[in-house]
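Q: Take this structure, written in structure tokens, and hold onto it; I'll ask about it next.
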Amino acid sequence: MKKILVLEDESNIRSFVVINLRRSGFDPIEAENGAMALEKLKANPDICLALLDVMLPDIDGFEVCRRIRATGSKIGIIMLSAKGQEIDKVTGLMNGADDYVTKPFSPAELTARVDALIRRLGVDETETNTNELHSGPFALNTRNRTLEKNGQRLKLTQIEYLLMKLFMENPGKAMSREDILSAVWGGDFKGELKTVDVNIRRLRIKIESDPTEPEFLTTVWGYGYKWGY
Ligand code: CA
């Protein structure tokens with residue numbers, strides 16, 4: 001059974017989430033504050049996905065997300081946000097989260113997002129036939145899911161990895177934001193196109209020398225993006 005970390009300080013919401021995850025065949029690991037969440041993650045290295053509430057009594061969910069990513073962990077992360085404001089969504093994604101769900105959410109909505117993310121993260125695991133994609137100074141290892149620029153390892157989230165893979169497999173091809181969204185997040189993901197822009201912006205910070213004047217991941221105005229190398 002896949003282990004899922006559930007970080008939520010409000011016990012009634014936590015139980016609601018836990019019961020529904022269990023019902024969907026997952027093994028939920030509970031944490032009621034940020035510190036406990038980080039401990040549980042350390043104790044259970046096989047956790048594949050974390051649901052992180054934003055508003056917590058100790059450190060907030062964004063900080064927990066940052067700390068998880070700082071360890072090099074590539075688990076799936078979904079932020080549970082009480083506020084539906086755009087700033088929260090953007091902050092969450094900028095901190096390394098893969099998705100967000102706004103409270104209140106239905107059990108069906110939550111499990112759909114969890115399933116979709118697990119599918120997204122797991123899709124490439126079976127692809128062991130190809131090893132490396134090369135483009136300019138970049139080498140993408142599809143077995144280890146790592147990216148190097150001029151031989152230097154760059155830390156990527158799973159979503160950023162999938163974006164890089166999509167672009168490096170399609171050099172010079174203009175791709176619409178809709179195409180990118182369905183290729184990386186899955187056809188059934190009802191996300192906003194803004195999610196694509198936020199993740200591209202974050203990826204540029206990692207791969208471009210000057211993210212405001214991108215050399216590799218260029219914008220196709222009014223359409224989408226292109227791997228320009
Ligand atoms: Ca809370």
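Q: Any residue in region 45-58 that is of a type in the set (D, E), assigned by TED's automatic domain parsing to the domain that holds T111, in contact with a strand residue (DSSP E or B) (Cβ under 8 Å, 6 or more places away or on another chain) and assigned to a strand (DSSP E or B)? Steps first, answer last, please.
A: To start, the set of residues in region 45-58 that are of a type in the set (D, E) comprises 46, 53, 58.
Next, from what is left, pick out any that are assigned by TED's automatic domain parsing to the domain that holds T111: 46, 53, 58.
From what is left, the residues that are in contact with a strand residue (DSSP E or B) (Cβ under 8 Å, 6 or more places away or on another chain) are 46, 53.
Restricting the remaining residues to those that are assigned to a strand (DSSP E or B) gives 53.
Within region 45-58, one or more residues are of a type in the set (D, E), assigned by TED's automatic domain parsing to the domain that holds T111, in contact with a strand residue (DSSP E or B) (Cβ under 8 Å, 6 or more places away or on another chain) and assigned to a strand (DSSP E or B).
Q: Out of region 142-160, which residues are free of Cβ contacts under 8 Å to residues at least 24 places away in the same chain and open to solvent by 30 Å² or more (accessible area, probe 1.4 Å)? Explain how you work it out, then say what you get.
A: So the first thing to find is which residues in region 142-160 are free of Cβ contacts under 8 Å to residues at least 24 places away in the same chain, and the list is 142-144, 146, 148, 150-153.
Within region 142-160, R143, N144, E148, N150, G151, Q152, R153 meet the criteria.
Q: Restricting the search to region 16-26, which residues are under 19 Å from D46 (Cβ atoms), away from the ligand (no atom under 16 Å from the Cβ) and at pLDDT 90 or above? Reasoning before the result, please.
A: Step one: filter region 16-26 for residues under 19 Å from D46 (Cβ atoms), giving 18, 21-22, 24-26.
Narrowing the set further to residues that are away from the ligand (no atom under 16 Å from the Cβ) leaves 21-22, 24-26.
Passing the criteria: L21, R22, F26.
Q: Only one of these conditions is not met by K103: (1) touching a residue at least 40 places away in the same chain (Cβ under 8 Å); (2) outside the structural domain of L51 (by TED's automatic domain parsing); (3) out of contact with any helix residue (DSSP H, G or I) (no Cβ under 7 Å at 6 or more places or on another chain); (4) of a type in the set (K, R). Which number is it?
A: Of the numbered conditions (1) touching a residue at least 40 places away in the same chain (Cβ under 8 Å); (2) outside the structural domain of L51 (by TED's automatic domain parsing); (3) out of contact with any helix residue (DSSP H, G or I) (no Cβ under 7 Å at 6 or more places or on another chain); (4) of a type in the set (K, R), the odd one out for K103 is (2).
Q: State yes or no: is M1 within 16 Å of the ligand (Cβ to nearest atom) and either surrounded by fewer than 16 Cβ atoms within 10 Å (Cβ to Cβ) or in a strand (DSSP E or B) (or both)?
A: No, not satisfied.
Q: Can you find a residue that is away from the ligand (no atom under 16 Å from the Cβ), at pLDDT below 95, farther than 23 Å from T111 by Cβ and touching a helix residue (DSSP H, G or I) at 6+ places or on another chain (Cβ under 9 Å) anywhere in region 68-77?
A: Yes, some residue in region 68-77 is away from the ligand (no atom under 16 Å from the Cβ), at pLDDT below 95, farther than 23 Å from T111 by Cβ and touching a helix residue (DSSP H, G or I) at 6+ places or on another chain (Cβ under 9 Å).
Q: Restricted to region 122-139, and to residues that are open to solvent by less than 30 Å² (accessible area, probe 1.4 Å) and over 20 Å from I78 (Cα atoms), which residue is modelled with the lowest pLDDT? Break it down into steps so the answer makes sense when it comes.
A: Taking region 122-139 first, the residues open to solvent by less than 30 Å² (accessible area, probe 1.4 Å) are 122, 124, 135, 138-139.
From what is left, the residues that are over 20 Å from I78 (Cα atoms) are 135, 138-139.
Numbers: S135: 89, F138: 94, A139: 92.
Looking at residues that are open to solvent by less than 30 Å² (accessible area, probe 1.4 Å) and over 20 Å from I78 (Cα atoms), I get S135.
Q: Considering (1) within 12 Å of the ligand (Cβ to nearest atom); (2) surrounded by fewer than 22 Cβ atoms within 10 Å (Cβ to Cβ); (3) within 23 Å of V184 (Cα to Cα), say which one I13 fails and leave the rest.
A: Condition not satisfied by I13: (3).
Q: Restricting to region 40-57, what's the tally of residues that are open to solvent by 40 Å² or more (accessible area, probe 1.4 Å) and either within 11 Å of the ligand (Cβ to nearest atom) or within 11 Å of L7 (Cβ to Cβ) (or both)?
A: 3
Q: What number of residues in region 100-121 are assigned to a helix (DSSP H, G or I) and surrounded by fewer than 19 Cβ atoms within 10 Å (Cβ to Cβ)? Break it down into steps so the answer makes sense when it comes.
A: To start, the set of residues in region 100-121 that are assigned to a helix (DSSP H, G or I) comprises 107-121.
From what is left, the residues that are surrounded by fewer than 19 Cβ atoms within 10 Å (Cβ to Cβ) are 107-109, 111-112, 115, 118-119.
Of the residues in that region, 8 qualify.
Q: Related question: Only one of these conditions is not met by S182: (1) more than 21 Å from the chain's Cα centre (by Cα); (2) surrounded by 14 or more Cβ atoms within 10 Å (Cβ to Cβ). Which number is it?
A: (1)
The values are calculated or read from the model by the stated rules, or taken from the named source; none is laboratory data. Worth saying up front: this structure is predicted, and the values here are computed from it rather than measured. With ideal geometry, Cβ positions are generated from the backbone for all residues, glycine too; neighbour counts draw on all protein chains shown. Please note that ligands, DNA and RNA were not included when accessible areas were found on the heavy atoms of the full protein model with its side chains. Shrake-Rupley method; radii C 1.70, N 1.55, O 1.52, S 1.80 Å.
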